[in-house]
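The values are calculated or read from the model by the stated rules, or taken from the named source; none is laboratory data. In this text the structure is predicted, and so the values were computed from the model without any measurement. Cβ coordinates were reconstructed from backbone atoms using ideal geometry, including for glycine residues, and neighbour counts include every protein chain displayed. For the accessible areas, the whole protein counts, side chains as well, though only heavy atoms, and no ligand, DNA or RNA atoms are used. Shrake-Rupley method; radii C 1.70, N 1.55, O 1.52, S 1.80 Å.
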Amino acid sequence: MRIRRLSRQLLPPIAVILCWTGWAGRTPAAESDDTPREPAPPALAFGQSVDSISDEDLPYVYTQWKNYTVKDGLPNDHIFSVKATADAIWIGTEDGLARLDKKTGAIQSWKEADGLPWRAITSIDVDPKTGDVWLGLFGGGLARFSGGRFDHFHQLNSGLVNDVVYGVAVENNHVWCATTAGASRYDILAGKWDVFTEKNAPMEEIWNYNVTYAPAVNKMFLAVWGSGCLEFDIPTEKWKVYLDPDEEMEIDLYRDDGIIHVITTAASYADGALWISSYFGTCRYDGRHWRGFYAHETGIPSDFTNFLKGRSADEAWLCTDKGLGVVAHYPTDTYVAYYRNADDPGGTAKIFRRGRLLREVPLEVSVAHNFMIGVDFDGDDVWVATAHGLSHGIGKGYYPGVKKISEWQQAVAAAPVVSKDSQ
């Protein structure tokens, strides 16, 4: 019962979606304590080592950003979701759907007047076999966009358990929806619906915040508000539950003993590693060992993580309320944080290793806003949904992991390490 009591005291997911203006203009605050501090780095986790790694072994930093807003044709600047495909970028906003043609750069948009069933789009997935675009609607249920037509599924005409849909994921011939009253699975071929709640799934709470499909292992992963992360094996239809084993809601009593917190916001499986985000930090699980990531010991902008996506077993991107965080290279405990300035389009990228600031890279153009809620990869590029526009990180020369300083990194090497006060 402790989970139910505390989950109601914390900021509910609806408030996160609706409080964009409250976060506007927020920038990372500097340390108010004038006393110099040199915190001890956390112990290295299994599989991590900084042996033979120098400060010249740096991760790739995205220094080229392009931002899109209503001035460029988007229906709204509050971006909730983004999905990259081979030929287009699909964008879900607070007031409409948009499609950015990757070849021409043209943006086409749809609002309710154009047939869109509901204005706010919180999640997007695309069926790889048919090209159908599935939309999770914030209060409007589920929509399918196919052949220029919208089909609408809601509580009154389908088996959808609730119309507040936070996440949508295509799995083989099924579409999964994470809702505020459980998860729904729609069999596209048979037209059949299944519902998963506390009655037939291990949910202490039924507020499903996100759902993703991992084709490599044929499993679904659900992030549940108050019930941790749930794994659903497709062939066997068996559940596996990831909870915080120390059962302490207020703190992570024993670090790296399991999931950081039972209030989770997203889960992403990549190359054998499961990445899980929460409002209290982020963690990684390789099947045997857990690792927790906290802002104060990594350099990630904040522990309040709205969404994350794993790029590999060693790299994950975290959408926080104070900036964009990247676990750039897990084996060497290396991180990158991206910020936007408060009064101009520029910003800063900061590189950390074991919590120590290595470089601060000025960005002429940075991310569109410091409040992020969605991210997707497009080859070497990255797309980020923010509270004031869509950001496109151009990955020219991208490489995974860390490398010795190359030609393009000379600006990074020349950038000074900032003082401890500004850290």
ask   = How many of the residues in segment 259-290 are within 20 Å of F377 (Cβ to Cβ) and not in a strand (DSSP E or B)?
value = 2
inquiry  = Residue under question is P39, and the condition is that it be at pLDDT below 90 and in contact with a His (Cβ under 8 Å, 6 or more places away or on another chain); does it hold?
reply    = yes
request  = May I ask you to verify whether F153 is over 15 Å from T265 (Cα atoms), open to solvent by less than 40 Å² (accessible area, probe 1.4 Å) and out of contact with any helix residue (DSSP H, G or I) (no Cβ under 9 Å at 6 or more places or on another chain)?
outcome  = yes
request  = Test N210 against the stated conditions and say whether it is under 23 Å from G272 (Cα atoms) and either open to solvent by 20 Å² or more (accessible area, probe 1.4 Å) or modelled with pLDDT of 95 or more (or both).
outcome  = yes
request  = Return the total of residues in segment 94-151 being in contact with a strand residue (DSSP E or B) (Cβ under 8 Å, 6 or more places away or on another chain) and either at positive phi or in a strand (DSSP E or B) (or both).
outcome  = 33
key: Residue identified as under 18 Å from the mean Cα position of the chain (by Cα) and surrounded by fewer than 23 Cβ atoms within 10 Å (Cβ to Cβ) among D246, D286, D321   = D321
message = I'm checking my understanding of the structure. Among residues of segment 232-243 that are within 15 Å of E205 (Cα to Cα) and at pLDDT 95 or above, which one is least open to solvent (accessible area, probe 1.4 Å)?
response = Y242
key: Hey, W193 under 19 Å from L74 (Cα atoms) and aromatic (F, W, Y) or not   = no
task = Of all residues in segment 329-356, count the ones that are open to solvent by 10 Å² or more (accessible area, probe 1.4 Å), within 25 Å of G292 (Cβ to Cβ) and assigned to a strand (DSSP E or B).
result = 6
query = Which condition number does T386 fail, the rest of (1) out of contact with any His (no Cβ under 7 Å at 6 or more places or on another chain); (2) open to solvent by less than 30 Å² (accessible area, probe 1.4 Å); (3) of a type in the set (S, T, Y) being met?
reply = (1)
ask   = Got a number for residues in segment 363-372 being touching a strand residue (DSSP E or B) at 6+ places or on another chain (Cβ under 6 Å) and open to solvent by 20 Å² or more (accessible area, probe 1.4 Å)?
value = 2
message = Looking only at segment 249-261, filter to residues that are open to solvent by 50 Å² or more (accessible area, probe 1.4 Å) and among the aliphatic types (A, V, I, L, M); which one of those is farthest from R291 (Cα to Cα)?
response = I251
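So for segment 408-423 (the condition being among the hydroxyl-bearing types (S, T, Y) and modelled with pLDDT of 95 or more), does at least one residue qualify? Walk me through it before giving the result.
The first filter runs over segment 408-423 and keeps only residues among the hydroxyl-bearing types (S, T, Y), leaving 419, 422.
Next cut, modelled with pLDDT of 95 or more only: none.
Taking every residue of segment 408-423 in turn, none turns out to be among the hydroxyl-bearing types (S, T, Y) and modelled with pLDDT of 95 or more.
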note = Inside segment 384-394, the number of residues satisfying the requirement of being within 16 Å of K103 (Cβ to Cβ) and in a strand (DSSP E or B) is 1
